[in-house]
Amino acid sequence: MLWIGETANKYGSAVTGLALPLIAVSTLHASTLQVSLLGAAGWLPWLLIGLPAGVWVDRLRCRPIMLVSTAASLLLYATVPLAALAGALTLWHLLAVALLAGAAGVFFQTAYTAYLPQLLEPADQSEGNAKLHGSASAAGIAGLGSGGLIAQLAGPVNGLLANTATFLLSLWCTLRIGHREPRRAERPRRALRQEIGEGLRLLASDVWFRTFALFGAASNLVLTGYQSLLVVFLIREVGVSEGTVGLLVAVASTGGIVGAAVARRIAARIGTSRAVLVLELVLPALTVLIPLTGRDTGLAWYLVGGFGASCGVVAGNVIKATFQQRYCPPELLGRLSASSAVLNFGSIPLGALLAGVLGTQLGVRPAMWLMTVGVPLAALILWCSPMRRVRDLPTERRAPVGGSGSGSEMTPVPPVPPAATRAGQVRKGRGAAGAAEAPAPGGAAGGAACALDAG
C-alpha cells in the first residue's frame, strides 16, 4: 500500500513540478528571477520548520502525519485551477501554494523516512528503498511526459488537475496500510530546543552523517540551480515547445530507474562506500554537457547529461537511505532526517535564487554553465572524506549510551571491517571511525522532476 500510494504521489508531484513553472512562464509571463523564486518557495520551509518537524515526528506516530500532509497538499494544489477558472490566478498565489505545500512536504518526508523501517525488516530495507526509488523515478517520467502533453493540449493549469486523483489515491493507500505503529515509548517531555540539539549533535559528531549532509547541501545547491532554469532554458534559449520539454525531461529521468535497479548490484560488487563515490562523482559530472544543448541533434547533449545525473543521484540515494536507516538509532531517526534535510533541502531555495540572479545578470546559458560545472565540484566533498579509504559504509547500528536517545553522548559501533582498517582507518575525536527525491512526496514544487540528492 505504501509503494502504490507513493508511486501515485510521485506521479502527481512530477506533473506539479512541471506545471507550476510552465504556468508561470506561459500563463503569467513570469521573468527568469520570478520562476526561480517559485522553485525556491517550495523548499524554503525546510529552513523554517525542518528542525522542529523532526522532533514532532519522533514524538508522534508517523502515519497520521503523512495523512494530514497529503490532504493539505491536495487542497492547496486544487486552488490553482479554481483561481484560474475565476480569473484570479496570480504569481503570488502560485508562490503561496508552493510555500505551503512545501511545508506539508517537510512533515511528510520526515515522517515517511522514519516510517519505512517500521514496515520492513533490516534485511529487506535495501530492496525496499530500491523499489521505492525506482517506482518514484518511473512515476516521475510518466508525470513529466503526460504533464508536458497536458500543458500543450489543454493548458498548463489543467496539468494540476492530475494531482487531485493521485493525492486521493495516496490518501486511500496510506489509510489501507494494515500495520499499526506501537505507542511511542514514554520519555520525559523536554524543551523543543533540547531535542533539536540532540539531532544536530548526532549529525555534527559522526563523520559519515556529517559528510553526507554537507555533500547533499552542496549538491542540491547546484542541481537545483540548473533545474530551476531548465524550463526557461529549453523554451526560450533552445526554442522547444512545452510538450517537448516534458518529453525531454522524462527521457532524461529514465536514468533514475536504471540507477535504482543497479544500485544494490554495484554496491555488492565493489562495496557501498566505493559505489557511492562512483555513482555520485562520475555519473553526475555529465551534467556539464547540458549547456551545449541546441536544436535537433543538439538535444542529445541534454539527454546524456540529464540521464547521467538522474542515474547517479538516485542510485546513490538508494545506498545512503539504507545506510541511514540501519546505522541511526531508531528513536533519533526523525531528528537526524530533519537535521540532514535542513542542510540538504535548505540549500535548494538558495540554489534557485542564485541561478535566477545569475540568469538575469549574465544570461540563461552562462548561468547554466556555472551551475552544471558545480555538480562534480560538489562531489569532491565525498572524495575528501574517509569514504575513499574504506570499501563499505558502516553496517552495524550506532547506539546511544544506555540505549535511551535522551541526549547523552553517542558511542558509535566500530564501522569498518578489519580489511578497511588495515587500509587506513580515520578516527574521530570522540571514538571509532565513521564519517543524506526528492524530493518531498508531500508535494514541494518540482519534487519529482528533480534528481535531488536527499543526503
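The values are calculated or read from the model by the stated rules, or taken from the named source; none is laboratory data. A quick note: this is a predicted structure, and the numbers were derived from the prediction, not measured. Note: ideal-geometry Cβ built from the backbone for every residue, glycine included; neighbour counts use all protein chains shown. Please note that ligands, DNA and RNA were not included when accessible areas were found on the heavy atoms of the full protein model with its side chains. Shrake-Rupley method; radii C 1.70, N 1.55, O 1.52, S 1.80 Å.
Rundown of residues vs (1) assigned to a helix (DSSP H, G or I); (2) within 20 Å of the chain's Cα centre (by Cα); (3) modelled with pLDDT under 85; (4) among the hydroxyl-bearing types (S, T, Y), yes/no style:
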{"position": "L44", "(1), (2), (3), (4)": "yes, yes, yes, no"}
{"position": "L51", "(1), (2), (3), (4)": "yes, yes, yes, no"}
{"position": "M66", "(1), (2), (3), (4)": "yes, yes, no, no"}
{"position": "S135", "(1), (2), (3), (4)": "yes, yes, yes, yes"}
Would you say L89 is assigned to a helix (DSSP H, G or I) and at negative phi?
no
Need a quick list: helices (runs of 4 or more DSSP H) entirely within region 219-279 having at least 2 residues that are at pLDDT 90 or above and of a type in the set (K, R).
254-270
In region 281-293, how many are at pLDDT 90 or above, open to solvent by less than 10 Å² (accessible area, probe 1.4 Å) and of a type outside the set (V, I, T)?
1
The correct count of residues that are under 21 Å from F107 (Cβ atoms), among the polar types (S, T, N, Q) and modelled with pLDDT of 80 or more in region 303-339 is 2
Does T297 count as among the polar types (S, T, N, Q) and buried (at least 24 other Cβ atoms within 10 Å of the Cβ)?
no
Within region 300-321, track down each residue that is open to solvent by less than 10 Å² (accessible area, probe 1.4 Å), out of contact with any Pro (no Cβ under 8 Å at 6 or more places or on another chain) and of a type in the set (V, I, T).
V318
Return the only residue of L33, L75 being modelled with pLDDT under 85, open to solvent by 10 Å² or more (accessible area, probe 1.4 Å) and more than 19 Å from the chain's Cα centre (by Cα).
L33
When residues of region 140-165 are limited to those that are closer than 15 Å to S73 by Cβ and among the aliphatic types (A, V, I, L, M), the one modelled with the lowest pLDDT:
A162
In the list T27, T70, which residue meets the criterion of being among the β-branched types (V, I, T) and surrounded by 24 or more Cβ atoms within 10 Å (Cβ to Cβ)?
T70
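Quickly run through region 253-280 and pick out the residues that are among the polar types (S, T, N, Q) and open to solvent by less than 40 Å² (accessible area, probe 1.4 Å). If you could, list the steps in order and put the result at the bottom.
At the first step, the residues of region 253-280 found to be among the polar types (S, T, N, Q) are 253-254, 272-273.
Within region 253-280, S253, T272, S273 qualify.
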So, L22, is that one open to solvent by less than 30 Å² (accessible area, probe 1.4 Å), in a helix (DSSP H, G or I) and touching a Gly at 6+ places or on another chain (Cβ under 9 Å) or not?
yes
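The rows are residues; the columns are (1) in contact with a helix residue (DSSP H, G or I) (Cβ under 6 Å, 6 or more places away or on another chain); (2) under 21 Å from L333 (Cα atoms); (3) open to solvent by less than 70 Å² (accessible area, probe 1.4 Å); (4) modelled with pLDDT of 85 or more.
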position: F345; (1), (2), (3), (4): yes, yes, yes, no
position: L358; (1), (2), (3), (4): yes, no, yes, yes
position: V375; (1), (2), (3), (4): yes, no, yes, yes
position: A379; (1), (2), (3), (4): yes, no, yes, yes
position: V426; (1), (2), (3), (4): yes, no, yes, no
Could you tell me whether any residue of region 315-338 is out of contact with any His (no Cβ under 6 Å at 6 or more places or on another chain) and more than 26 Å from A204 (Cβ to Cβ)?
yes
Could you say whether any residue in region 186-195 is charged (D, E, K, R), open to solvent by 50 Å² or more (accessible area, probe 1.4 Å) and modelled with pLDDT of 85 or more?
no
